[in-house]
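Engineer: Attaching a single structure in structure tokens format; questions to follow.
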Amino acid sequence: MKQKEQKTDGEGATSFNELDEELRRFGEYIDAIPVPAETRRLWEQLQFQLVRQLEKQKEKGDDKERK
């Protein structure tokens, strides 16, 4: 996955759409290679947690924009 340095003020941060696209591509990569079931399960858990964190950050960003 691509990584960008994220500053505290949000400048240079990867957009939510870019992160979503990276997660999707990585998920497709994991699906395409033979990996143990445990690895797939861990990936699904990680992906779920990442999506939840992104949603929370997006909500915080939306709240800041409203103020």
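The values are calculated or read from the model by the stated rules, or taken from the named source; none is laboratory data. Keep in mind it's a predicted model, so treat the numbers as computed, not measured. Because the Cβ atoms are built from the backbone with ideal geometry, glycine has one as well, and the counts that use them run over all protein chains shown.
Engineer: Considering only residues that are in contact (Cβ under 8 Å) with a residue 12 or more places away in the chain and of a type outside the set (V, I, T), look in the stretch 45-56 and name the one that is farthest from G27 (Cα to Cα). Working first, answer last.
Structural biologist: Here is the first cut: in the stretch 45-56, the residues in contact (Cβ under 8 Å) with a residue 12 or more places away in the chain are 47, 50-51, 54.
Filter again for of a type outside the set (V, I, T), leaving 47, 50, 54.
Numbers: Q47: 8, L50: 12, L54: 16 Å.
It comes out as L54.
Engineer: Further, regarding this structure: Mind checking which pairs have a first residue in the stretch 2-30 that is loosely packed, with under 10 Cβ neighbours inside 10 Å and a second that is modelled with pLDDT of 80 or more, Cβ under 8 Å, 6 or more apart or different chains?
Structural biologist: Correct list of pairs: K2/E18; K2/E22.
Engineer: For Q45, indicate whether it is in a helix (DSSP H, G or I), within 22 Å of G61 (Cα to Cα) and modelled with pLDDT of 85 or more.
Structural biologist: No, not satisfied.
Engineer: Okay, moving on. Identify, please: which residue in the stretch 31-41 is charged (D, E, K, R) and within 24 Å of L54 (Cβ to Cβ) and is, among those, surrounded by the most Cβ atoms within 10 Å (Cβ to Cβ)? First the steps, then the outcome.
Structural biologist: Of the stretch 31-41, the ones charged (D, E, K, R) are 31, 38, 40-41.
Now restrict to residues that are within 24 Å of L54 (Cβ to Cβ): 31, 40-41.
Working: D31: 10, R40: 12, R41: 10.
Of everything passing the filter in the stretch 31-41, R40 is surrounded by the most Cβ atoms within 10 Å (Cβ to Cβ).
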